[in-house]
Amino acid sequence: MTKFQLTLCLTGAMVIGLAGAARAQNGPTDPYGGMEGRLFDAGGGFTLPYRLVRPPGYTAGTTTKYPLVVFLHGSGESGTDNRLQISKNIGTNTPGSVFTTTANLTKFPTFFIAPQTPTATIGWNSGSKSLVAALKLITALETEFSIDTNRIYLTGLSLGGMGTYTAIQENPSLFAAAIPMSGRGDPTMAAKIKHIPIWDFHGAMDPSVDVSGSRDMIAALRAAGGMPRYTEYPQRHARHLVSGLQHG
């Protein structure tokens, strides 16, 4: 199975150092949406809430290396409650993620993280505290867990879709593949990321992020020699996109 195929069907110990510190939030369980609640001290007084799922049966000290999926939420899920970012991302009101359903985790065991930016203004923009912290968090988790550094995947919705493009454009050797949804990138940076397997999804009726953002980015990637996949939903917008992705 290729790295890209995994992305299509689907991030303990305290880590201290340049990347900050990871620790449990609200106790060691707090299993909202079946995900462990944690906080990440990114330094400089900034703390990033995030949710974590481990591969089924994962044990410390294992020699097996697992992939890591990073999900960046949209603007409406911003906050500090460490819940909104996974509150409705499987097309229903049930918290969780399509990447961490029992069926998908059983077939494709992976680490999964969903960080939460405090405000949409901070968002996942270039140089933002939240995006910088999320990148540091990846490094911290690589130290804490048995993660395959060659299989780190990034996906995001709307604000997070834009963040997905920003992150891969600024870190073109970090991610094995990316799935931006309802986002947009910088077409002038297409040549820099043409080697990354990308599957872009967008609803043609999206009122928040115009579909031209994805269309222009895909066109630029193809013109640069890349081979991205693009799925456009004619009758959908961002709120319905993940449901369509899961069932369509």
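The values are calculated or read from the model by the stated rules, or taken from the named source; none is laboratory data. Since the structure is predicted, the reported quantities are computational estimates derived from the model, not experimental observations. Cβ coordinates were reconstructed from backbone atoms using ideal geometry, including for glycine residues, and neighbour counts include every protein chain displayed.
Scanning the stretch 87-119 for residues that are at pLDDT 90 or above, hydrophobic (A, V, I, L, M, F, W, C) and within 12 Å of the chain's Cα centre (by Cα) yields F111, F112, I113, A114.
When only residues in the stretch 64-77 that are modelled with pLDDT of 95 or more and of a type in the set (S, T, Y) count, which is surrounded by the fewest Cβ atoms within 10 Å (Cβ to Cβ)? Looking at the filtered set, the residue picked out is T64. The residues of the stretch 182-204 that are more than 14 Å from R215 (Cβ to Cβ) and of a type in the set (A, V, I, L, M, F, W, C), listed by number, are M189, A191, I193, I196, W199. For the stretch 107-115, does any single residue satisfy the condition of being outside any helix (DSSP H, G or I), among the basic types (K, R) and more than 21 Å from F40 (Cα to Cα)? Checked against the condition, which is being outside any helix (DSSP H, G or I), among the basic types (K, R) and more than 21 Å from F40 (Cα to Cα), the stretch 107-115 yields no hits at all. The residue pairs whose first member lies in the stretch 95-118 and is under 17 Å from G37 (Cβ atoms) and of a type in the set (A, V, I, L, M), whose second member is crowded, with 20+ Cβ neighbours inside 10 Å and at pLDDT below 90, and whose beta carbons are closer than 6 Å, counting only pairs six or more residues apart or on different chains, are I113/T11. Restricting attention to the stretch 164-179, the residues being polar (S, T, N, Q) and either buried (at least 22 other Cβ atoms within 10 Å of the Cβ) or in a helix (DSSP H, G or I) (or both) number 3.
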